[in-house]
Amino acid sequence: MGGYLLFYCTIELEVQVKEVIKIVDSQTIRALRMERQFLSYKASEEEYISLYRDAQPGQSIYWNGFGDPPSLTFRADFDDIEFNRKRQSTRKLIKGRFAGGNLGWIMVEDLELFAALYRKPLDKPSEHQHVLLDLIKREGPLTIQQMKEFTGMLVKEITPALHRLQEAFLIYEDQYDGEWDRSWYKFTEMFPNADLVRYSRQESLKILLQRFAYRHVLFDGDMVKSFYKLPGKEIKKAIEGMLADGIFIEMGNSYLLKSDWALLRTYAKETPQFVLAMHRNDFLVKSNEHRLKEQFKHPEHETLQYLLIDGEFRGASVGHFKNGPYVLEDIILDLPKAEITARKDEILEAVYTVNFGRNNPIKRYNGENL
């Protein structure tokens, strides 16, 4: 009897999985993703904080946002750059080097979580690193210019040494405003109660993976690697553990939260039609960067923005970055020919919206001169 029951349950599970796979193949998965990304409607401050938590580390707008607070573009019903500027000023958002050593902003309450994932201990500091660390310990917070005056070292020697000490969570760059001359502190002076070994690396990754899964709905290991810049073996191990624990369900080579399984079987919303030109540091772009770079690669021009059309990346604006308005050479699209024609004005307007308006003309549309 027990064997029969087990056989029956296995068959029932397979049927349910096939049902969900059918749903995943439809627009339903995209609609739920856009809802959770707040691209179907705008987030309130409370909703935005929750979204930001799941999309960490936050980054500023690619290229022209250098030095600005991070932004989750198009998702808030308020100016999120100014909102995050205030959060920086009160140290609710703190700066560090995380995914692949890149600068990013995390919420201070998640410091221990990200330290577990990205801290690179420094057992044998170089001479420059040793000198600067001792100097900060002895003299207190210092700017790079002050370090130069104390040590006689060149800025090009100081900067990489500071970055490595920053990755080891030994010092902290206190960028709480937009000023360029920022002070560097001993990390324990800024965060005396932080327990940098509270989580193991795998524990930290599993927590972040649940957040990542919730915002993407369906994801794969390559997306995780693309966003978090972690080794594939570590990601695979964490996912396998979460499958074994019943947190994730596997769908071919992709995964979703078990809690989303039942939801997707009854979820009936549709993705609204829209076109958004997403900058290259955007959360959705970064998690799909590995395929987008190849899919919309241009032999002559740089990718300026990726075009999110009805919840899918279906094109890119290409040209050249420069200070001020970019050079807009072309818009390349992966759409049916009829749709390329029918949605031309909508697509052009989306690109103009993030590129200083129609005073900065686009030269070509899908290869044809405008």
Quiz item: Among the residues of region 22-71, which ones are within 15 Å of S287 (Cβ to Cβ), part of a loop (DSSP other than H, G, I, E, B) and open to solvent by less than 40 Å² (accessible area, probe 1.4 Å)?
Solution: Q37, L39, A55, Q56, P57
Quiz item: Is it true that some residue in region 152-169 is within 25 Å of the chain's Cα centre (by Cα) and either within 29 Å of L264 (Cα to Cα) or basic (K, R) (or both)?
Solution: yes
Self-check item: region 79-103 - residue that is among the small types (G, A, S) and crowded, with 19+ Cβ neighbours inside 10 Å and, of those, farthest from P69 (Cα to Cα)
Solution: A99
Practice problem: Scan region 191-233 for residues that are under 18 Å from A244 (Cβ atoms) and among the β-branched types (V, I, T) and jot them down. | Solution: I207, V224
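Can you tell which of K156, K124, K206 is touching a helix residue (DSSP H, G or I) at 6+ places or on another chain (Cβ under 9 Å) and charged (D, E, K, R)? Quick ask: steps written out before the conclusion?
Working: K156 fails: touching a helix residue (DSSP H, G or I) at 6+ places or on another chain (Cβ under 9 Å); K124 fails: touching a helix residue (DSSP H, G or I) at 6+ places or on another chain (Cβ under 9 Å).
On inspection, the qualifying residue turns out to be K206.
Consider E127 carefully, then state whether it is of a type in the set (D, E), loosely packed, with under 14 Cβ neighbours inside 10 Å and outside the structural domain of P160 (by the TED database).
On the way: of a type in the set (D, E): yes; loosely packed, with under 14 Cβ neighbours inside 10 Å: yes; outside the structural domain of P160 (by the TED database): no.
Criteria not met by E127.
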Exercise. Please go through region 304-328 and pick out each residue that is open to solvent by 20 Å² or more (accessible area, probe 1.4 Å) and either over 16 Å from L292 (Cβ atoms) or not acidic (D, E) (or both).
Key: D310, R314, H320, F321, K322, N323, G324, P325, V327
Exercise. Determine which single condition F74 fails, assuming it passes every other condition in (1) assigned to a helix (DSSP H, G or I); (2) in contact with a Leu (Cβ under 6 Å, 6 or more places away or on another chain).
Key: (1)
Quiz item: Does region 336-349 contain any residue that is within 20 Å of the chain's Cα centre (by Cα) and of a type in the set (A, V, I, L, M)?
Solution: no
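Among the residues of region 242-260, write down those that are in contact with a strand residue (DSSP E or B) (Cβ under 9 Å, 6 or more places away or on another chain) and open to solvent by 30 Å² or more (accessible area, probe 1.4 Å).
If the condition is that a residue be in contact with a strand residue (DSSP E or B) (Cβ under 9 Å, 6 or more places away or on another chain) and open to solvent by 30 Å² or more (accessible area, probe 1.4 Å), then L243, I247, E250, Y255, K258 are the ones that fit.
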Exercise. Could you name every one of the helices (runs of 4 or more DSSP H) located completely within region 139-190 that has at least 3 residues being exposed (fewer than 12 other Cβ atoms within 10 Å of the Cβ) and touching a Phe, Trp or Tyr at 6+ places or on another chain (Cβ under 6 Å)?
Key: none
Practice problem: Just give me the residues in region 238-273 being on the phi > 0 side of the Ramachandran plot and modelled with pLDDT of 95 or more, in sequence order. | Solution: G246
Self-check item: Subset of region 244-264 [within 25 Å of the chain's Cα centre (by Cα) and either closer than 17 Å to L208 by Cα or assigned by the TED database to the domain that holds I309 (or both)]
Solution: I247, F248, I249, S254, Y255, L256, L257, K258, S259, D260
Quiz item: Among the numbered criteria (1) open to solvent by less than 30 Å² (accessible area, probe 1.4 Å); (2) over 16 Å from the mean Cα position of the chain (by Cα); (3) outside the structural domain of L132 (by the TED database), which single criterion is violated by P231?
Solution: (1)
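The values are calculated or read from the model by the stated rules, or taken from the named source; none is laboratory data. What you see is a predicted model; the values in this text were computed from it and never measured. Cβ atoms come from the backbone with ideal geometry, glycine included; neighbour counts cover every protein chain shown. These accessible areas exclude ligands, DNA and RNA; they are computed on the full protein's heavy atoms, side chains included. Shrake-Rupley method; radii C 1.70, N 1.55, O 1.52, S 1.80 Å.
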